[in-house]
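Written out below as structure tokens is the structure these notes cover.
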Amino acid sequence: MYTALASVAIVGATAGGTVYVKAQAHSAAPSVSSAPSPTAAATSEEASVEPVTQPTVDHDKLLAKSMESVTVPGDADVSVAVLDLDSGESATYGDAAFDTASIVKVDILAALLLRAQDEDRHLTAAEKSYATSMIENSDNVSASALWRIIGQAEGLDAANERLGLTGTEGGDGMLWGLTQTTAADQLTLLRQVFGDDSELSSASREYVRGLMGRIAADQHWGVSAAAEGSAWALKNGWLPRSATGLWDINSIGRVTAPDGHGYLVVALSNGNATKEKGISLVESAAEAAVSVFTG
């Protein structure tokens, strides 16, 4: 009579190093066993191990939670958006449309640069002068001059179609400051300026970035509140509405946060009782948005 014996065969190992074993019963008979080979058993066992799904992070939900700490006074409304340039992850809070006020000047310049690219030319001396005053000093006369050159709202809307802005509509006539936009669209515009996958040429992008990095000292507020020191480039907008006496206060730009990462940040608001209260609101919103990624 043959004696029954038990042996252990290694059949697989997890990524964490745990070894799976399977007991095999066989007799001491001199005949060859018909049991599957250890290699075949290992393949079967490993195939049955389910892959581990990494949890997804809902950044929009985290931003909504972060915005609970921001006090929105009176009749004011606010919307924010942020994108981590290192990871490409983004978050948006609010989808309402807001008056652009002077942040549209970045959009006007982008439209002008697209036109120049299409015509295979550099900006003229006059266009450069207007662009510098419009962005660095937020000069309205210069903005109006370039608004005419790009074809007013029709020209802006055509450029935005190419840039990927789907919720922005140019203001009527010469009312470029009443162009309507969303935080998500402004984030798209910033990606065209500060990203690599852009309709704007590298030279055009560098030109806009340079101007946004040299904003006049009295405009050093807004999304720059979320930056480490002076590591920022921005454009602000402020507009008192004659019908209500309330203020539109907006800010868009790129900041380098204390974690060393670069972020694109948009903060839009309206219904502010004063300019100062609006500035405080968009700065708090910008800080809350960046904190979603910096903790």
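Structure data summary
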item	result
Scan of the stretch 204-218 for residues that are over 20 Å from the mean Cα position of the chain (by Cα), among the small types (Gly, Ala, Ser) and either within 19 Å of Ala286 (Cα to Cα) or open to solvent by 70 Å² or more (accessible area, probe 1.4 Å) (or both), ordered by number	Ala217
Which numbered condition Leu264 misses (of (1) outside any helix (DSSP H, G or I); (2) open to solvent by 50 Å² or more (accessible area, probe 1.4 Å))	(2)
Subset of the stretch 38-81 that is at pLDDT 65 or above and among the polar types (S, T, N, Q) - its residue that is least open to solvent (accessible area, probe 1.4 Å)	Ser79
Number of the condition not met by Glu199 [criteria: (1) assigned to a helix (DSSP H, G or I); (2) closer than 29 Å to Asp60 by Cα; (3) open to solvent by 50 Å² or more (accessible area, probe 1.4 Å)]	(1)
Residue selected from the stretch 237-259 under the condition open to solvent by 50 Å² or more (accessible area, probe 1.4 Å), in a loop (DSSP other than H, G, I, E, B) and not aliphatic (A, V, I, L, M), by the criterion farthest from Arg214 (Cα to Cα)	Thr244
The one condition in (1) part of a loop (DSSP other than H, G, I, E, B); (2) free of Cβ contacts under 8 Å to residues at least 60 places away in the same chain; (3) not aromatic (Phe, Trp, Tyr) that Asp95 fails to fulfil	(2)
From Glu136, Glu161, residue being in contact with a Leu (Cβ under 7 Å, 6 or more places away or on another chain) and among the acidic types (Asp, Glu)	Glu136
Output for the stretch 209-232, where each listed residue is under 14 Å from Leu264 (Cα atoms) and of a type in the set (Ser, Thr, Tyr)	Ser224
Any chance Ile108 is touching a Phe, Trp or Tyr at 6+ places or on another chain (Cβ under 9 Å), open to solvent by less than 10 Å² (accessible area, probe 1.4 Å) and farther than 30 Å from Gly260 by Cα	yes
Criterion (farther than 29 Å from Ser87 by Cα and out of contact with any Pro (no Cβ under 7 Å at 6 or more places or on another chain)) met by exactly one of Gly164, Gly155, Gly195, Gly210	Gly155
Complete set of residues in the stretch 167-192 that are closer than 18 Å to Val80 by Cα and in a loop (DSSP other than H, G, I, E, B)	Gly167, Thr168, Thr179, Thr182
Selection count, the stretch 257-295, where residues are among the small types (Gly, Ala, Ser), free of Cβ contacts under 8 Å to residues at least 60 places away in the same chain and closer than 26 Å to Thr179 by Cα	1
Single unsatisfied condition, Tyr207 versus (1) in contact (Cβ under 8 Å) with a residue 40 or more places away in the chain; (2) in contact with a helix residue (DSSP H, G or I) (Cβ under 6 Å, 6 or more places away or on another chain); (3) in a helix (DSSP H, G or I)	(2)
The stretch 149-175, residues that are polar (S, T, N, Q) and either open to solvent by less than 20 Å² (accessible area, probe 1.4 Å) or within 26 Å of the chain's Cα centre (by Cα) (or both)	Asn160, Thr166, Thr168
Condition met for Gly177 (in contact with a helix residue (DSSP H, G or I) (Cβ under 8 Å, 6 or more places away or on another chain) and of a type in the set (Gly, Ala, Ser))	yes
Exclusive hit being closer than 28 Å to Lys128 by Cα, open to solvent by less than 50 Å² (accessible area, probe 1.4 Å), more than 17 Å from the chain's Cα centre (by Cα) and among the aromatic types (Phe, Trp, Tyr), set Trp221, Trp232	Trp221
Members of the stretch 111-145 that are of a type in the set (Val, Ile, Thr) and assigned to a helix (DSSP H, G or I)	Thr132, Ile135, Val141
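The values are calculated or read from the model by the stated rules, or taken from the named source; none is laboratory data. Everything numeric in this text was worked out from a predicted model, so none of it was measured. All Cβ positions, even for glycine, are placed from backbone atoms using ideal geometry, and neighbour counts span all protein chains on display. When the accessible area is computed, the model is the full protein with side chains, heavy atoms only, and any ligands, DNA or RNA have been set aside. Shrake-Rupley method; radii C 1.70, N 1.55, O 1.52, S 1.80 Å.
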